[in-house]
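The values are calculated or read from the model by the stated rules, or taken from the named source; none is laboratory data. As the structure is a prediction and not an experimental result, all values here were calculated from the model. Cβ sites come from the backbone with ideal geometry, for glycine too, and all protein chains shown count toward neighbours. SASA here: full protein model, heavy atoms, side chains in, ligands and nucleic acids out. Shrake-Rupley method; radii C 1.70, N 1.55, O 1.52, S 1.80 Å.
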Amino acid sequence: MTELDASSGHNTEDHSASKISLVRRQLPFLAILALAIGGVAYTNISQRPLVGYWEFLAIAMGLVCVVTQWSGLEDKQARFRLMWTQALHWLAVLVTMNIMLFSGVQQVLPTLATGLVLLILLALGTFLAGVHLLSLQIGFLGVALALAVPAISWVKQSALFLILAVVFLVGLAMAFWSYWGDTHPAKPERRTAAFPDQAKAMTGREPND
């Protein structure tokens, strides 16, 4: 096997490994996106609040925020800061959700309105987490959840399902946008610019001469 073949095989393995790694990093975000879309669709069909479901999704979002950012932090102190800041952030969201479930508050809110309030609190928490972590994907998920609140109230079921399908496709495209950039780097204008030493050896003069 020549050095060129060995290098080509090594590059192929690295490319496959990076692709698998990217898919694994994006799976938590796509899973949360699918769960959120499913919850919105079920709420629209059943006209039920799904109280426990949105609380579960808030906890899952906190875990996703930590998992997706963990690999990008090599410092133990930074990882510790990520864990406790996200824990406080989502604990505040959960506490606010449970305040809305107090019996005194429930007396002035219709049943379906309670579910919408919890959904908008989840959307706000998700968007703020995306801003804090500088994550476009998490911020997009927060905006999508926020827009789902008026959509459940105003949009017909058939139109809502179409909107949810578009949201999922946009989220899928955002998840793999970074992979497209990694696998399609900008090509150099001239090959000699990338390999000046080889060009000099072949021509006997500098590439720019």
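Annotations
- So THR96, is it open to solvent by 40 Å² or more (accessible area, probe 1.4 Å), under 23 Å from ILE45 (Cβ atoms) and β-branched (Val, Ile, Thr): no
- Put simply, of LEU118, LEU112 the only residue that is open to solvent by less than 40 Å² (accessible area, probe 1.4 Å), part of a helix (DSSP H, G or I), in contact (Cβ under 8 Å) with a residue 60 or more places away in the chain and touching a Pro at 6+ places or on another chain (Cβ under 9 Å) is LEU118.
- Criterion (in a helix (DSSP H, G or I) and in contact (Cβ under 8 Å) with a residue 24 or more places away in the chain) met by exactly one of LEU101, LEU128, LEU162: LEU128
- Some residue of the range 173-187 being open to solvent by 80 Å² or more (accessible area, probe 1.4 Å), in a helix (DSSP H, G or I), at pLDDT below 85 and of a type in the set (S, T, N, Q): no
To keep it simple, each residue is scored yes or no on (1) among the hydroxyl-bearing types (Ser, Thr, Tyr); (2) in contact with a strand residue (DSSP E or B) (Cβ under 9 Å, 6 or more places away or on another chain); (3) more than 21 Å from GLN137 (Cα to Cα); (4) part of a loop (DSSP other than H, G, I, E, B).
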residue: ILE32; (1), (2), (3), (4): no, no, no, no
residue: VAL40; (1), (2), (3), (4): no, no, no, no
residue: ILE45; (1), (2), (3), (4): no, no, yes, no
residue: ARG48; (1), (2), (3), (4): no, no, yes, yes
residue: MET61; (1), (2), (3), (4): no, no, no, no
residue: LEU73; (1), (2), (3), (4): no, no, no, yes
residue: ARG79; (1), (2), (3), (4): no, no, no, no
residue: ALA87; (1), (2), (3), (4): no, no, no, no
residue: VAL93; (1), (2), (3), (4): no, no, no, no
